[in-house]
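Visitor: So that we are looking at the same thing, I have put the structure below in structure tokens.
The values are calculated or read from the model by the stated rules, or taken from the named source; none is laboratory data. No experiment lies behind these values; they were computed from the predicted model shown. Here Cβ is always computed from backbone atoms with ideal geometry, including for glycine, and neighbour counts include all displayed protein chains. Surface areas here come from the heavy atoms of the whole protein model, side chains and all, with no ligands, DNA or RNA. Shrake-Rupley method; radii C 1.70, N 1.55, O 1.52, S 1.80 Å.
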Amino acid sequence: MAFDIQMIKKVYDALPNKVNEARTKLGRPLTLAEKILFSHLDANMQFADFKRLSDYVDFNPDRVAMQDATAQMALLQFMQAGRPQVAVPSTVHCDHLITAKNNAKDDLEFANAESKEVYDFLASVSNKYGLGFWKPGAGIIHQVVLENYAFPGGMMIGTDSHTVNAGGLGMVAIGVGGADACDVMAGLPWECLFPKLIGIKLTGKLSGWASAKDVILKVAGILTVKGGTNAIVEYFGEGAESLSCTGKGTICNMGAEIGATTSTFGYDASMSRYLSATGRAEIAAMADVVKEHLTGDAEVYANPSKYFDEVIEINLSELEPHLNGPFTPDLATPISKMKEVAAANGWPMKIEVGLIGSCTNSSYEDISRSISVVKDAKANGLTLASEFTITPGSEQVRYTIERDGFLDIYDSVGATVFANACGPCIGMWSRMGAEKQEKNTIVHSFNRNFAKRADGNPNTFAFVGSPEIVTAMAIAGRLDFNPLTDTLTNDKGEQVKLAEPSGFELPPTGFDVKDAGFQAPAEDGSGVQVLVADDSKRLQLLAPFTAWEGTDLKGLKLLIKAKGKCTTDHISMAGPWLKFRGHLDNISNNMLIGAINAFNDKADTIKNQITGEYGAVPATQRAYKAAGIGSIVVGDENYGEGSSREHAAMEPRFLGVRAVLVKSFARIHETNLKKQGMLALTFANKADYDKIQEDDGIDIEGLLAMAPGKQLQVVLNHADGSNETIQVNHSYNAQQIDWFKAGGALNIIRASVSGN
Ligand code: MIC
Ligand code: SF4
């Protein structure tokens, strides 16, 4: 059954006119990204040839998706907005809070008990305000969205950076913070910087060990974790059409790892097949009618450099499998070079664990290709040399692979199947011995591999690869194994080479599932009670933040000058902290504990300027807060990369940090800071980062005349009595300046509802 078919019909009915109008007004052919953006412009938005990377534009997304770890904060904010129902179809997915320890059944039971309060809260808020609720065990948000909600040409936002996965079905799907989701659910438009456009032309066809994952691993190597910032990446060419829909999903999913706003593919036969296989033939038929508007214009693809800001070409026929890592997803090494590169870098060669699954790579095709490798190994007298785990992306995939005998095959070689959830991908992995912090290597088919991410151990070297490569590596047990060329010794002492993987794009006998895990909301939720216990450790109702005091900010203390990579995992760690995602005060105890202090190269050890003593970041900031002193955080490049979690912005806001001044920001985090009423500033001259000293008192000047495009001044009052003034930039537009003045965007929505 297809959800929200009427909404999709409306989108398609209006599409041809909107696209034709945009093409006529602009007087040029359109990319797919432009077609989707222009057909979702907010009604109050004046049509224009928007300037990429400079104009802020209001859009009306068709739907919203949230996962449990971010939905709590998004919905706590929505409850404050004073609306009776969500304005667009919206869903909540319980996937992040399930710890992978023993097996799917036990782990799910444990999570249901451990997080009962949170699940009950999310279920009741969903029921009250009209959101679809996907129970724990139903699967990972992005897989469930791809299977049920994504549709070609649609626009959605989701409170998770990998919302972009739905680009695999031809959407413009964008990861945002909860405050943005709250706006759209409250019926307000969604504002976004008009992106630049990167075109990636795929030629040739994948073969052998190469897979869709290797396309994005290669792209990440080319563009790096920053290269896609504020860009929509559009894939096209005959190679794009040769990929499966779920393979396209994998590519779009990891677009988050290059910082891209989103990635997308034009509607084609693979999408039609996937829609039909997942019970949505009706949507495929509707899409067929408007299909010329669901892909870029032929002139654009014939002459891409004229229409895209950057064009990359990749020949799939020549693509080699890659392993990316450790510690960053853009460190791309072709499998043939791994032996040499790993040895040169001293990376631990023995692979302890291979993990497949996650929202990135858990399609039927992925699992069937991994299974073909396992079957071949078994037939040749080989078995797993490393531990091996599988986290299926959805109950539908899990049920189908069980029916088709794949789970029995995994079981026969001693692999562990975890619950349909994020699990190890987000540090919800109770890995035995991780606390010993031993240096070790793991390979996985997830998307991120920042330090400590999977198991909390900073010495775990994690490499990202396709499920079939991860499977082969777990059979070999060594990082310097190349399945394309190397042999392994089997149980008879013979040398055997693994056969190339093969699989099924879609289950030959169709998908099946007994209980997909969906709960529809009440028709009329007005009588539903949402309960939050006063003494809860996991949930806390939000109190509004205070408005700006109307003056320049004087005498701020430097809280921390963070050095190097400072992702949202460094700012607000996940894993054990996920349980406090609905309790701002409690989760604030993890604020910036992973960031490296530039003055002593240590994590979570900073100077308290009042006492002169070194202590933990959250405790020091709480001391400043208690003393009524504001503070400032200074950071390096691409600050806040990684996740959409707005906790990374709300925690500093809550604890009294006033500004974050960095060399550059990751997109979602910068918006999250603005939404919460913080000052997100960048050095006009990046070298000024070096002028910040440990004992600095800092003033921010120019706030009374703050205006779009106008610099502010930061005065550094050094301990020796000298001072210097540096220029800083901001990217606030007029409305965002109002958020800052009001103390946060939500204060404005709330005021508009209550009329004061
Ligand atoms: C992640 O992959 O880091 C997460 C956990 O899914 C996050 C969201 C979160 O922090 O809750 C993301 O990618 O946005
Ligand atoms: Fe979950 Fe990992 Fe996907 Fe994030 S990247 S949604 S944690 S599976």
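Visitor: In a solvent-free Debye calculation with one equal scatterer on each Cα, what is log10 I(q)/I(0) for the chain at q = 0.07, 0.12 Å⁻¹, listed in the order of the q values?
Guide: -0.46, -1.43
Visitor: Give me the one-decimal Kirkwood hydrodynamic radius in Å for segment 29-184, with the sum taken over alpha-carbon pairs. If you can, show how the numbers build up before the last one.
Guide: Numbers: mean 1/r = 0.0603 Å⁻¹.
The Cα-based Kirkwood calculation yields 16.6 Å.
Visitor: What value, in deg cm²/dmol to 500, does the helix sum -39500 (n - 2.57) over DSSP H runs of n ≥ 4 give at 222 nm once divided by the residues of the chain? Mind dumping the intermediate values first?
Guide: On the way: 26 runs with 241 residues, N = 756.
Only helices count here, giving -9000 deg cm²/dmol.
Visitor: Also, I was wondering about something else. Averaged per residue, what accessible surface does segment 572-718 expose to a 1.4 Å probe, in Å²?
Guide: Value for segment 572-718: 30 Å² per residue.
Visitor: So how much slack lies between H718 and D524, counting 0.36 nm per residue of separation and subtracting their Cα-Cα distance, in nm?
Guide: Details: separation 194, 0.36 × 194 = 69.84 nm, distance 6.03 nm.
Stretched fully, the H718-D524 segment lengthens by 63.8 nm.
Visitor: Taking +1 at the Cβ of each Lys and Arg and -1 at the Cβ of each Asp and Glu, which of Q540, M473, G555 sits farthest along the dipole of segment 470-591 towards its positive end, judged by Cα position relative to the Cα centre?
Guide: The Cα lying farthest towards the positive end belongs to G555.
Visitor: I want the antiparallel fraction of DSSP beta bridges within the chain, as a percent rounded to 5. All intermediate terms of the calculation are to be shown ahead of the outcome.
Guide: Numbers: 38 of 100 bridges.
Antiparallel: roughly 40 percent of the beta bridges in the chain.
Visitor: Taking all protein chains in place and a 1.4 Å probe, what share, in percent, of the accessible surface of segment 115-265 do carbon and sulfur account for? Let's see the in-between values first.
Guide: On the way: 1180 of 2400 Å².
Of the solvent-accessible surface of segment 115-265, carbon and sulfur hold 49 percent.
Visitor: How high is the relative contact order of segment 61-192, in percent, counting Cα pairs under 8 Å that sit 6 or more residues apart? Write out the running numbers ahead of the final one.
Guide: Working: 246 pairs, mean separation 46.3, N = 132.
Computed value for segment 61-192: 35 percent relative contact order.
Visitor: When the accessible area of segment 390-521 is computed with all protein chains present and a 1.4 Å probe, what percentage of it is carbon and sulfur? Let's see the in-between values first.
Guide: Working: 2380 of 5030 Å².
Answer for segment 390-521 is 47 percent, counting heavy atoms of protein chains only.
Visitor: Exposed loop GluC sites (Glu not before Pro) only (DSSP loop, at most 13 other Cβ atoms within 10 Å): please give the longest stretch of the chain free of them, not including the sites. It would help to have the intermediate numbers written out before the result.
Guide: Details: sites that count: E438, E494, E523, E549, E613.
Between exposed loop sites, the widest span is 1-437.
Visitor: To continue, here is another question. May I have the extent of the alpha carbons of segment 608-710 along their three principal axes, as whole Å values ordered from largest to smallest?
Guide: Computed over segment 608-710, the largest-to-smallest principal extents equal 38, 29, 27 Å.
Visitor: Could you tell me which of the pairs K218/K607; K554/K674; K196/K579 are separated by over 31 angstrom between their Cα atoms in the structure shown?
Guide: Among K218/K607; K554/K674; K196/K579, the Cα-Cα distance tops 31 Å for K218/K607; K196/K579.
Visitor: When only alpha-carbon atoms count, how far does segment 197-270 stretch along each of its three principal axes, as whole angstroms with the largest first?
Guide: Cα spread of segment 197-270 along its principal axes, largest to smallest: 29, 26, 18 Å.
Visitor: Something else now. Within 14 Å, Cβ to Cβ, of G204, how many net charges do the neighbouring residues add up to if Lys/Arg are +1 and Asp/Glu are -1?
Guide: Working: positive: K201, K205, K218; negative: D214, E238, E241, E313, E318, E320.
For residues surrounding G204, the net value is -3.
Visitor: Using a basic spin-label model with each label point 7 Å from the Cα along Cα→Cβ, how many nm lie between V311 and S430?
Guide: Calculated label separation equals 5.4 nm.
Visitor: So the label point goes 7 Å from the Cα of K205 along Cα→C-beta, right? Which residues of segment 312-330 then have their backbone N under 19 Å from it?
Guide: 314-321
Visitor: Multiply the residue separation of A751 and K439 by 0.36 nm, subtract the distance between their alpha-carbon atoms, and state the gained length in nm to one decimal. Mind dumping the intermediate values first?
Guide: Values: separation 312, 0.36 × 312 = 112.32 nm, distance 5.31 nm.
Taking A751 through K439 to full extension adds about 107.0 nm, to one decimal.
Visitor: What full-extension length gain, to one decimal in nm, is calculated for A48 and A14 as 0.36 nm per residue of separation minus the Cα-Cα distance?
Guide: Numbers: separation 34, 0.36 × 34 = 12.24 nm, distance 1.88 nm.
The span from A48 to A14 would gain 10.4 nm if fully extended.
Visitor: Membrane-span-like helices in the chain: DSSP H runs reaching 20 Å or more (Cα, own axis), mean Kyte hydropathy at least -1.0?
Guide: Helix filter hits for the chain: 5-26, 364-379.
Visitor: So, counting K/R as plus one and D/E as minus one, what does the shell of residues with Cβ under 13 Å around D68 add up to? Intermediate results must be reported in sequence, preceding the final value.
Guide: Working: positive: K116, K135, R538, K579, R581, R645; negative: D95, E114, E117, D120, D160.
My count for the surroundings of D68 gives +1.
Visitor: Only Cα pairs under 8 Å and at least 6 apart count here; give the relative contact order of the chain as a rounded whole percent. Walk me through the numbers before you get to the answer.
Guide: Details: 1837 pairs, mean separation 103.5, N = 756.
Across the chain, relative contact order equals 14 percent.
Visitor: Could you tell me how far the Cα centroid of segment 479-551 sits from the Cα centroid of segment 1-33, in Å?
Guide: 31
Visitor: Rounded to whole Å, give me the distance from the Cα center of segment 60-82 to that of segment 654-691.
Guide: So the two Cα centres are separated by 24 Å.
Visitor: Note down the net charge around L32, summing +1 for each Lys or Arg and -1 for each Asp or Glu among other residues with Cβ under 9 Å from its Cβ. Don't skip to the answer; put the middle values down first.
Guide: Numbers: positive: K35; negative: E34, E234, D297.
After counting each charged neighbour, the total is -2.
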